[in-house]
Each structure stands twice: as structure tokens, then as C-alpha cells.
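Everything below concerns the one structure shown next.
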Amino acid sequence: MIYAHSSPDVDALDLWQSVQYLKALSPQIISELVSVATLHYYGAGEIIFLEFEPAAGLYLVAAGSVKVSRFSKEGREHILHIFSRGDTFNDVAVLDGGPNPATATALTDASVWRITRPDLSAIAKRRPELAWALIESIARRTRHLVDAVQDLSMRNVKGRLARLLLEQGNSTAEAPARMLTQDEMASRLGTVREVVGRALRSLAAAQIIEIDRHRIVVLDPDRLAEEAEI
């Protein structure tokens, strides 16, 4: 890992300002955040932080992709979320001061900005607008968790897979989604590779998707949305 101190360059300012819950903040507050942020580089597969370690800070993906996972006692991985450029992660731990709730790993070569809890706390105490924005970010995380619980309890694997494929298809040119392997899909969906394989073949047989080597092409987004019960 290469570690570098930040400088308030235009790209860093624009990136922090683009974060959904920070967009309404003044340029002065964004500049304060950038002034205490540090940039870290990780190779694909390198661990950024481990579950249950003391919270290292709030992270913002500058480039590449990062997966956040939890592991069972048997070592089975469940991917909670995959983050790309412009996404923040570890919000909960940096705000409540508890340990990291999960493990973060660079899915690809990645660079991430980090702001420590003391630095973030100091700015939030001076800037109530930032404190409110952070509260809103936690509210959004809670909504995501509610959706995840609904997925696991009310959708079968094919429905959850359809929803995941739709999310992958909603990537943009600025933040393209990396194609997940079947093992990674299984980890995201809380199942095993063989079950994902059967669900993919079922969607392909219905001509909803097409499996082309290492790509999955969505042929009928409307029917895929029906499978996802959206």
C-alpha cells in the first residue's frame, strides 16, 4: 500500500462535493474535509480494514471498486455491498466510534480517501450542516438495510439475482460496474455458486438474459424487473 498526504486539488474537491449527502454543503466545508483527508492506494485483493478492528475513519472511493463483507465462522463470505468512485463507506463506525462492522477489501486496484473520526468530529462540531448531512447518510444506509432484509426474506434466489443484474445494468460511463463472478454473486445473494448458476440458466432459457462468455447481456429489462418484483 502506498500512502500519501492529501492536497486540496480540484479533483478531490469535486469528488467530495459529488457525494450524494454532501452536495448541498458549501465549498468551504468541502475544503475543510479535503484538508484533513489522506489518499491511500490498494492493490486488488488487498485488505483495507478488518471487521472488529478499531474504526480507521470514513472512506471515499476515488478510483476502482471496494467490497465490504462479513465472514461466517466457517469462512464463508457474504458481500454486503460493492462501492465504486464517489461512494463513501464505514460511515457507521466513524460516527458511533465502535469497531468496523465488516471487512473492506479492494476488489480491483483502488484508491480511497480517508478522514479519521477525530478530524471528522472536529469539523462536524464546527459545522452543524455537516452533522445533519451525516445523519442523512445513516438514514440512507438504514433504508438500504431494510431493502436487503426484504430481499432475503421475501424474494427467492432468482428474484434476488434479477435485482442484482438490474443494479449492475444501471451503472454509468463515469462509474461502470465491474462484472461479478458467479462466486461473487453468490456472496452478494447469500447463497452458493451452484444455485446462482441454475438461476442464470433459468433466466437465459426464458430469453431474459444471454450469457456471452464472461458477460451477461440483459435482453428483456422489463421481464427481468418482473422477476425482481420491482
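The values are calculated or read from the model by the stated rules, or taken from the named source; none is laboratory data. In this text the structure is predicted, and so the values were computed from the model without any measurement. Ideal geometry is used to build each Cβ from the backbone, glycine not excepted, and the neighbour counts take in all protein chains shown. Accessible surface is based on the protein model in full, side chains and every heavy atom, while ligands, DNA and RNA are left aside. Shrake-Rupley method; radii C 1.70, N 1.55, O 1.52, S 1.80 Å.
Long hydrophobic helices in the chain, taken as whole DSSP H segments with a C-alpha length of 15 Å or more on their own axis and mean Kyte-Doolittle hydropathy at least -1.0: 128-154, 157-169, 193-205. If only the Cβ of Lys and Arg carry +1 and only the Cβ of Asp and Glu carry -1, the dipole of the range 1-116 around its Cα centre is close to 200 debye. In this label model, SER26 and MET179 are separated by 4.9 nm, measuring between points 7 Å along each Cα→Cβ vector.
All C-alpha to C-alpha distances of the range 68-127, sorted into 10 Å bins beginning at zero, yield P(r) values of 18, 45, 29, 7, 1 percent in whole numbers.
Charging the Cβ of each Asp and Glu at -1 and of each Lys and Arg at +1, and nothing else, the dipole of the chain about its Cα centre rounds to 400 debye. Convex hull volume of the Cα atoms of the chain, normalised per residue: 133 Å³. Distance between the 7 Å Cα→Cβ label points at ARG215 and ARG140: 3.0 nm. Determine which residues of the range 196-219 fall in the zone a paramagnetic label at ALA225 would reach in this model, i.e. backbone nitrogen under 19 Å from the point 7 Å along Cα→Cβ. Only 207-210, 217-219 pass the distance filter. A 1.4 Å probe over all protein chains sorts HIS78, HIS40, HIS214 by accessible area into HIS214, HIS78, HIS40, starting with the largest.
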